[in-house]
Structures are given as structure tokens and as C-alpha cells.
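So the structure is just underneath, and the comments pick up after that.
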Amino acid sequence: MIELLQQYVNLFAWSYDDILGLSTDIVLHRQPTDPARPLVKKKPRKFKPDLSLRIKEEVTKQIEAYVVRVTNYPSWLANIVLVPKKYENIKICVDYRDLNKASPKDSFPLAKYPLCEE
């Protein structure tokens, strides 16, 4: 498996710059939701100034690479959650619990065990 991955290493995106210009016809995702469920817009959280800068840098990278886009009138608004990692790094995650509750349940869920170690 490792040999196969090394043979096709050029097919993987290692940074946001590697995916610039990727067509949204291929990667655009829309989440189906139950119309009977009310929309949830969370109140924005406040972060320390140094964390705010790191968050802004990461989000700016994603916007410039067209991974995410800015919207002025979101129907769902979920806060980000900062997860501390080794060596003072942080991982930016999104709290989608309310959106998940309004989404249809999958008859074939993904495995519950980790596929790789960090």
C-alpha cells in the first residue's frame, strides 16, 4: 500500500495551494436537512486576541483556496471549536451537532475506529 501511495504522491493535496481552481461541480456538498426542524444560529464565541489571529490566518488560507466561502445570510451558523494539538498547534473544527440532529440518519455509517494515528 505504501509503495502505491508513493507512486501516486502527486495526486494528493498537501496544502490549500495544491487545490486552487478545483471545480465546485466535483466537490460541492449540500447537507439535506429536515424542514420540520428549526434553523439554529449560534451566538458567535469570543476568543483571546492571539487565538483570533491564528484563526483568521487559517480561515483566510481556506477562503483564498476556495475551500470555504463567505456568506452574509447563513441559514445555519455553527461556532468553531479549537482543539489543542502537540507542539502548541491548534486544529480548527466546527461544532455541527445541531446540524447533525436535523440531518437524515445514515443506514451505512462509517466505522467507529480510527483509521490512522496522528
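Points to keep in mind about this one:
- Table column - 3J(HN,Hα) (Hz), the stretch 74-88, Karplus curve with 6.51, -1.76, 1.60, x for Gly and Pro: x, 7, 10, 10, 10, 7, 8, 10, 8, 10, x, 10, 5, 6, 6
- Segments 2-12, 31-41 sorted - mean Cβ within 10 Å per residue, highest first: 31-41, 2-12
- Subtracting the Cα-Cα distance of Ile63 and Phe12 from 0.36 nm times their residue separation leaves 16.4 nm of extension gain.
- Close amide H contacts of Ile90 (hydrogens built in the peptide plane, cut-off under 5 Å, sequence separation of 5 or more or a different chain): Lys85.
- Here the stretch 29-81 exposes an accessible surface that is 56 percent carbon and sulfur, computed with a 1.4 Å probe and the other protein chains kept in place.
- Counting all C-alpha pairs of the stretch 28-80, share separated by more than 19 Å (%): 44
The values are calculated or read from the model by the stated rules, or taken from the named source; none is laboratory data. None of these values were measured; they are calculated from a predicted model. Heads up, the Cβs are rebuilt from the backbone with ideal geometry, glycines too, and the neighbour counts pull from every protein chain shown. Areas reflect the complete protein model, heavy atoms only, side chains present, ligands, DNA and RNA absent. Shrake-Rupley method; radii C 1.70, N 1.55, O 1.52, S 1.80 Å.
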